[in-house]
Amino acid sequence: MKGLNVVAAFLGGAAVGAALGILFAPEKGEDTRNKIAAALRKRGIRLNRNEMDDLVDEIAAEIKGEGAE
């Protein structure tokens with residue numbers, strides 16, 4: 001069970017790292033969302049449009065320091 005948690009944490013970290021890297025790219029927001037969605041689908045994670053928008057907003061807030069308390 002512990003090994004599964006480590007793998008899940010690694011995959012989650014990799015997905016967030018990839019998303020952060022893409023967010024800093026100088027592209028339109030729609031292109032960035034499509035790239036994030038493609039990266040997540042590649043890992044077997046499917047999100048609808050609202051879930052994707054929420055994820056992008058959360059990541060952007062963390063980058064700006066709004067999520068730190």
³J(HN,Hα), Karplus 6.51/-1.76/1.60, whole Hz, each residue of the range 2-9, x for Gly, Pro: 5, x, 5, 5, 5, 5, 4, 5
Per residue value of the accessible surface for the chain (all protein chains in place, 1.4 Å probe), Å²: 75
Separation in nanometres of the label points that stand 7 Å from Cα toward Cβ, at residue 18 and residue 52: 1.4
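Can you tell me, using C-alpha contacts under 8 Å and at least 6 residues apart, the relative contact order of the chain as a whole percent?
Working: 22 pairs, mean separation 16.5, N = 69.
24 percent.
Summing -39500 (n - 2.57) over the DSSP H runs of n ≥ 4 in the chain and dividing by its residue number, what mean residue ellipticity at 222 nm do you reach, to the nearest 500 deg cm²/dmol?
Result for the chain, helices only: -25500 deg cm²/dmol.
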Theoretical FRET efficiency, 1/(1+(r/R0)^6), r = Cβ-Cβ of residue 31 and residue 2, R0 25 Å, to 0.05: 0.05
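The values are calculated or read from the model by the stated rules, or taken from the named source; none is laboratory data. Since we're looking at a predicted model, the values are computed, not measured. Backbone-built Cβ (ideal geometry, glycine too); neighbour counts: all protein chains shown. Quick note on the areas: whole protein, heavy atoms, side chains included, nothing else; ligands and nucleic acids left out. Shrake-Rupley method; radii C 1.70, N 1.55, O 1.52, S 1.80 Å.
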